Amino acid sequence: ESKFGLLEDFTERVEKLVAELLGENSMAVHSITSRLKERPNLERKLVGGDGRYTMLQDITDICGVRIVTFFSDGVHDVAKIIESEFNIDWANSVDKGAQLDPDKFGYISLHYVAKLPNNRKELTEYRRFSECQFEIQIRSLLQHAWAEIEHDLGYKSEQAVPRGIRRRFSR
């Protein structure tokens, strides 16, 4: 089995697992989606990045799951479930909102880098994923809408949006 095929299977399996875990905990969310980072994006991180990534194993978000809650207080409730069900790599996890100064505007989302816990890795259906890690993003619906618009306006735009316009949009 190829590494890419393994990661495709893992990404699908983790998305389903997250949905089951939230359902078992009666957590209603807007959406749960997953993605596997595409090869050109991986190459860009390795070759043209800031030097943090020297090999594929350094990239923590090859597999990703995003949970969008209806309200901001749901982010915390979902986070508690995720923290109790997965092994969290705290050194590589980040609360993007906590990084902002109180008078600043910007991207808000909770990002965990995680692996399956030992008890789940021992199960036959998860054994082959024992070394796989993934990023899980948790944000509210309004945070998600804002992030999508900001992302399209600035991050991936061919022509940079002037700072003043980005600031006005954020406000």
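None of the figures in this text is laboratory data; all of them are computed from the coordinates on show. All values reported here derive from a predicted model rather than from experimental measurement. Please note: Cβ atoms are built from the backbone with ideal geometry, for glycine as well, and neighbour counts cover all protein chains shown.
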Per-pair calculated FRET efficiency, R0 = 22 Å: N118 and K80 via Cβ, rounded to 0.05: 0.65
Within region 109-141, backbone nitrogen closer than 14 Å to the virtual label 7 Å beyond the Cα of L17 toward Cβ: 113-136
Rough spin-label spacing in nm, given labels placed 7 Å along Cα→Cβ, for N25 and L142: 2.3 nm
